[in-house]
Protein chains: 2
Amino acid sequence: MTSRIDFQTDPSKYRHWKVEYDGPVAWLTMDVDEDGGLFDGYQLKLNSYDLGVDIELNDVIQRMRFEHPEVKTVVMQSGKDRVFCAGANIRMLGGAAHSHKVNFCKFTNETRNAYEAAEAESGQKYIAAVKGSCAGGGYELALACNHIILTDDSSSSVALPEVPLLAVLPGTGGLTRVTDKRKVRRDRADVFCSTEEGVRGKRAKDWNLVDEVVPNSKFDDVVRERAAEFAASSPKADVANGIDLTPLDRTFGEEGSVTYSTVEVTLDKGGRTATVTIHGPKDTAPADMEAFEAQGAGAWMLRCARELEDAILHLRLNALDEGLLVFQTQGDPSAVLTHERLLMDNKDHWLANEVLQYWKRVLKRIDVTSRSMVALVEHGSCFAGVLAELLFAVDRSYMMEDEFEGDNRPIATITLSETNFGPFPMGNDMTRLHARFYGTPDAVEVAKDHLGEALEAEDADELGLVTMILDDIDWEDEIRIFMEERASFSPDAMTGMEANLRFVGPETMETRIFGRLTAWQNWIFNRPNAVGPDGALQRYGTGMRGEYNMERV
Amino acid sequence: MTSRIDFQTDPSKYRHWKVEYDGPVAWLTMDVDEDGGLFDGYQLKLNSYDLGVDIELNDVIQRMRFEHPEVKTVVMQSGKDRVFCAGANIRMLGGAAHSHKVNFCKFTNETRNAYEAAEAESGQKYIAAVKGSCAGGGYELALACNHIILTDDSSSSVALPEVPLLAVLPGTGGLTRVTDKRKVRRDRADVFCSTEEGVRGKRAKDWNLVDEVVPNSKFDDVVRERAAEFAASSPKADVANGIDLTPLDRTFGEEGSVTYSTVEVTLDKGGRTATVTIHGPKDTAPADMEAFEAQGAGAWMLRCARELEDAILHLRLNALDEGLLVFQTQGDPSAVLTHERLLMDNKDHWLANEVLQYWKRVLKRIDVTSRSMVALVEHGSCFAGVLAELLFAVDRSYMMEDEFEGDNRPIATITLSETNFGPFPMGNDMTRLHARFYGTPDAVEVAKDHLGEALEAEDADELGLVTMILDDIDWEDEIRIFMEERASFSPDAMTGMEANLRFVGPETMETRIFGRLTAWQNWIFNRPNAVGPDGALQRYGTGMRGEYNMERV
């Protein structure tokens, strides 16, 4: 295994971002350390970024929500002169394996989505204060902010030069946000996205590429004013103190296995399978939100979400050959339900809201993870409420039926709760149960009638909650055959199939970014015109343009 | 240039399909001639198909609408024993260039969409009567029918074996129709799409993969009954006689240029550009629908649609290096308007309806054509009504402003009509004007206030109908620079960019097929696991499975 990519960091380790907290306004400054790249072979010049820069940004956003609930406006700005951000580092992209490019884009997309949604989820609004050139991934950083202020000078512009310059797409949501969020007229979008030097000044405002264009001399004042205004009009309640996101309790074992306090990851290299086992809460739930806040990052609902998220990201980047993720749970289902109930009963409490919204994001990460996923509902498991949601996120599920010889664990059950019917929508804004029962919406209502019941295999099957129930005689063989078969298929075909089957029905900007935009980008990432020896990515910086096969396909 | 692929055919030339007309029911039999492949190197065994088979099917569907308006139910069945259809021919796919695979899938998708929509557009409902194995593209043929009857015997099944067997996707809408049309529960879809042998009998019905499962002994009776029932309940008016779709007036010139009666295609090989010029009607419009019917395929509105469609298909398949399509018109705008008005005033007339619906399909073909497209609104042009729709289909447009020295043609104008506000929706069910003004919906209403006005450049620009207006001084240079620049970009990046920018907002099954599904398939079509020397497509038929790189990306 090459060196492990770690998604955990904290402010003491940041090399690329600085945050100054000033009451309800946070000043977030991108000041990328040229020599701080995650890999060798490139320098992060001109505030260009690699995955390491984004891992820090993700950490900033997360801590903003939990550690700094007093923040209502975040101003994203550059610490460099004359450049806001030059986008993803091209030498990094040119040298990276296809799988790394794809995973890099997925994670950066998730990070953009996270701070874009912070306004709706939590009343934290991000402003992009753009001075200097703001190109490619740099403009995509700004596009995901919910207000863009551009200074009006000759060197400040917004641009998506990927197509003319690099023969790839602005793949971190750029094209989709230009059309669907900024709603730029289509022919103008065509002009904009094929103009290397971008657009500045009045035209940028007229075309709605930015929200405001401000003279250089007034820029700092206007940004300050706007930050204060948005903070004042934010619906976010005043909360003085957050909780600490303390380091994860985490031990890496051999070959990529990991043990957390509530999550265990084991790898079967030969079987190309990783098993993620989630342990339900062992302690009783906090009595109230005060007690929950006192537990802070130690509270099971928050701890488990953080550990599960880290496990998923770890597997995505560090265990590329494990094409199948097996989800299991062990514990007391009713304990899971009491822990989540406290949050559901206190949705208006800032921290309850943050933890629920966080679970939503973690579950969405699972939805877009390009691995085959299966859940095994074994005896002793606790697929209840938020953990039952995993059953509807995975591609299929198997459940133990009746007693198994020599297995003394409590009989396998599934328990639905309110959390399966609303708080954790997928990227397409549907609940996973609605997506599951897209053809038979009544089945959602029927399932709702069984809220809180510990459903054994036959009932769960009857309600359509699992793919297959198996008794002692068939269980082992069936699961083994499934796993062997799955492990034998082409991973590319599985990725394409799952990306299509998982998202039924309506689309949102988010699903379009992970669906259409990403799929086209991945196609281009395989084409010689972009990545071949004479392709644009390889030739970047040599002064020569890419040499293209001009055939249109 | 390799031998030209021709999209024109007629029943006298069919090698793969037979149609028997029996009053309101048409019996459409697929009986593929093994030796009738479009290229050498493969045999079309087991009713497998290549582009040539689909060109005939497209012709059947089109003639059903125009020549056989008496038909209300079409029964699609197989002329072979024990096989309905084995899908796209794998050896053909294995040997085909990437561009051919992509174009093949696009055309087959358009054909599926066409007969799927025939029920809603024209009251012609397609039934798939499935006896024998119905696999891959075979099941996709059935999925696009609006009723599937499967016989219940041990050898009859429906299957999508692409993923396990071929390491590619069921790319002719299969995955999308399973989830979005048949609304199969997601985990069942996962099981179905990864099970090589497919599903038969009761389970096929329980999972909604088919509408009816009928014992073999009763199969023919039930199919006949159902065909009669659907015909009886069709809202389609009784029409005794259709019109003949006579052969196109078409002359091919050098290097792929074509001259039709109303359309002219010229190629600039060096500039990698093709120009499509549409000539407006020279005769006055038919006085009424009786006169229109008497003109039949000679009527300008129908003739122009057929010629334009043929030109687009010709360019897609036979002019791969021409990355930019330039649309021009010449003629009298008011003549275009009087010709289309007759149809708009008689929408309830079967033939008026068919011609309008046909224009809708032709314009949709333009939307999904993966070439950069520009419209030049020159003096003497007739971008009015249905032809103005081209301005909103292309990626950008330039319009002549004021008089040009030595140019005595009437000043350039654009005229909107009712047809720009409803009858020709894009695949996402939005009008092109709504899509254009997604961010400023009021602009659609403002444009509507100018219905019927011949808008000169400044007004058209003010209303946002064109990208740029240019006077005599700038016209030539600006257009030349644009064309040279466009021709220099990577065609792959342009394809990806345009596929994203052209379809804003809501999605439908159709846009998901051309967007997400197709993009993933194209990605897979570039991956060694599918197309490499040890990939599944190359190894098909050798008895060896593909050898895969198991890394998940």
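Taking first residues from region B:440-453 that are more than 11 Å from B:LEU416 (Cβ to Cβ) and partners that are open to solvent by 80 Å² or more (accessible area, probe 1.4 Å), the Cβ contacts under 8 Å between residues at least 6 apart in sequence or on separate chains come to B:THR440/A:LYS183. Whether any residue in region B:95-109 is open to solvent by 20 Å² or more (accessible area, probe 1.4 Å) and within 30 Å of B:SER233 (Cα to Cα) is what I want to check. No, every residue in region B:95-109 fails to be open to solvent by 20 Å² or more (accessible area, probe 1.4 Å) and within 30 Å of B:SER233 (Cα to Cα). With the condition kept exactly as written, say whether any residue in region A:3-25 is in contact with a strand residue (DSSP E or B) (Cβ under 8 Å, 6 or more places away or on another chain), of a type in the set (A, V, I, L, M, F, W, C) and not in a strand (DSSP E or B). No: region A:3-25 contains no residue that is in contact with a strand residue (DSSP E or B) (Cβ under 8 Å, 6 or more places away or on another chain), of a type in the set (A, V, I, L, M, F, W, C) and not in a strand (DSSP E or B). When every residue of region B:487-495 is checked against the conditions, at least one turns out to be in a loop (DSSP other than H, G, I, E, B) and either open to solvent by less than 20 Å² (accessible area, probe 1.4 Å) or within 7 Å of chain A (Cβ to nearest Cβ) (or both).
When you look at B:PRO24, is it open to solvent by 40 Å² or more (accessible area, probe 1.4 Å) and at pLDDT 95 or above, yes or no? Considered against the rule, which asks whether it is open to solvent by 40 Å² or more (accessible area, probe 1.4 Å) and at pLDDT 95 or above, B:PRO24 comes out as yes. Scan region A:499-547 for residues that are farther than 18 Å from B:LEU175 by Cβ, open to solvent by 40 Å² or more (accessible area, probe 1.4 Å) and not acidic (Asp, Glu) and the total you get is 11. Contact map, region A:403-415: residues that are in contact (Cβ under 8 Å) with a residue 24 or more places away in the chain paired with residues that are of a type in the set (A, V, I, L, M) and assigned to a loop (DSSP other than H, G, I, E, B), Cβ distance under 8 Å, separation 6+ or inter-chain. Pairs shown: A:GLU403/A:ILE411; A:THR413/A:ALA454; A:ILE414/A:ALA388; A:ILE414/A:ALA454; A:ILE414/A:LEU465; A:ILE414/A:VAL466; A:THR415/A:ALA388; A:THR415/A:ALA454. Screening the candidates A:ASP429, A:ASP402, A:ASP395, A:ASP407 for the property of being buried (at least 20 other Cβ atoms within 10 Å of the Cβ) and either closer than 17 Å to A:THR275 by Cα or not aliphatic (A, V, I, L, M) (or both) yields one hit, A:ASP395. In region B:380-391, the residue that is farthest from the other protein chains (Cβ to nearest Cβ) out of those that are more than 26 Å from B:SER488 (Cβ to Cβ) and not in a strand (DSSP E or B) is B:GLY380. Taken over region A:238-262, the residue count meeting the criterion of being over 30 Å from A:ASP6 (Cα atoms) and modelled with pLDDT under 95 is 1.
Selection over region B:251-310 of residues that are among the acidic types (Asp, Glu) and surrounded by fewer than 19 Cβ atoms within 10 Å (Cβ to Cβ) gives a count of 7. Each residue in region A:66-83 was checked for being part of a strand (DSSP E or B), in contact with a Leu (Cβ under 8 Å, 6 or more places away or on another chain) and open to solvent by less than 20 Å² (accessible area, probe 1.4 Å), and 4 pass. Against the condition more than 9 Å from every other protein chain (Cβ to nearest Cβ), closer than 26 Å to B:ILE90 by Cα, at pLDDT 95 or above and part of a helix (DSSP H, G or I), how does B:ALA204 come out, does it pass? Here the answer is yes, as B:ALA204 does meet what is asked. Only one entry in B:GLY543, B:GLY515 is more than 7 Å from every other protein chain (Cβ to nearest Cβ), free of Cβ contacts under 8 Å to residues at least 24 places away in the same chain and either within 24 Å of A:LYS101 (Cβ to Cβ) or in a loop (DSSP other than H, G, I, E, B) (or both), namely B:GLY543.
A:VAL377: free of Cβ contacts under 8 Å to residues at least 24 places away in the same chain and either surrounded by fewer than 20 Cβ atoms within 10 Å (Cβ to Cβ) or within 14 Å of chain B (Cβ to nearest Cβ) (or both), yes or no? Before the answer, list the steps.
Working: free of Cβ contacts under 8 Å to residues at least 24 places away in the same chain: no; either surrounded by fewer than 20 Cβ atoms within 10 Å (Cβ to Cβ) or within 14 Å of chain B (Cβ to nearest Cβ) (or both): yes.
In short, no.
When you look at B:ASP407, is it assigned to a helix (DSSP H, G or I) and at pLDDT 95 or above, yes or no? If you could, list the steps in order and put the result at the bottom.
Details: assigned to a helix (DSSP H, G or I): no; at pLDDT 95 or above: yes.
Here the answer is no, as B:ASP407 does not meet what is asked.
Per the listing B:GLY505, B:GLY464, the residue uniquely at pLDDT 95 or above, in contact with a helix residue (DSSP H, G or I) (Cβ under 7 Å, 6 or more places away or on another chain) and facing chain A (nearest Cβ under 8 Å) is B:GLY464.
Within region B:455-486, being open to solvent by 70 Å² or more (accessible area, probe 1.4 Å) and in contact (Cβ under 8 Å) with a residue 40 or more places away in the chain holds for B:GLU456, B:GLU458, B:GLU478, B:GLU484.
With the requirement that a residue be of a type outside the set (Val, Ile, Thr) and farther than 16 Å from B:ARG502 by Cβ, what does region A:162-176 give you?
A:GLU162, A:PRO164, A:LEU165, A:LEU166, A:ALA167, A:GLY171, A:GLY173 - these are the residues of region A:162-176 that are of a type outside the set (Val, Ile, Thr) and farther than 16 Å from B:ARG502 by Cβ.
When region B:145-162 is limited to residues that are within 13 Å of chain A (Cβ to nearest Cβ) and surrounded by 23 or more Cβ atoms within 10 Å (Cβ to Cβ), the one that is nearest to B:ALA536 (Cα to Cα) turns out to be B:GLU162.
Hey, among A:SER334, A:SER370, which residue is outside any loop (DSSP other than H, G, I, E, B) and in contact (Cβ under 8 Å) with a residue 24 or more places away in the chain? Break it down into steps so the answer makes sense when it comes.
Working: A:SER370 fails: outside any loop (DSSP other than H, G, I, E, B).
Exactly one residue qualifies, and that residue is A:SER334.
Being touching a helix residue (DSSP H, G or I) at 6+ places or on another chain (Cβ under 6 Å) and open to solvent by 30 Å² or more (accessible area, probe 1.4 Å), is that true of even one residue in region A:219-230? Checked region A:219-230: no residue is touching a helix residue (DSSP H, G or I) at 6+ places or on another chain (Cβ under 6 Å) and open to solvent by 30 Å² or more (accessible area, probe 1.4 Å). Of all the numbered requirements in (1) assigned to a helix (DSSP H, G or I); (2) under 20 Å from the mean Cα position of the chain (by Cα); (3) more than 23 Å from B:GLU225 (Cα to Cα), B:LEU165 misses one, and that requirement is (2). Filter region B:163-183 down to residues that are crowded, with 24+ Cβ neighbours inside 10 Å and facing chain A (nearest Cβ under 7 Å) and give me whichever is farthest from B:MET92 (Cα to Cα). It comes out as B:THR179.
The values are calculated or read from the model by the stated rules, or taken from the named source; none is laboratory data. Fair warning: this is a prediction, and the values are worked out from it, not measured in the lab. Backbone-built Cβ (ideal geometry, glycine too); neighbour counts: all protein chains shown. Just so you know, the surface numbers come from the protein's heavy atoms only, side chains and all, with ligands and any DNA or RNA stripped out. Shrake-Rupley method; radii C 1.70, N 1.55, O 1.52, S 1.80 Å.
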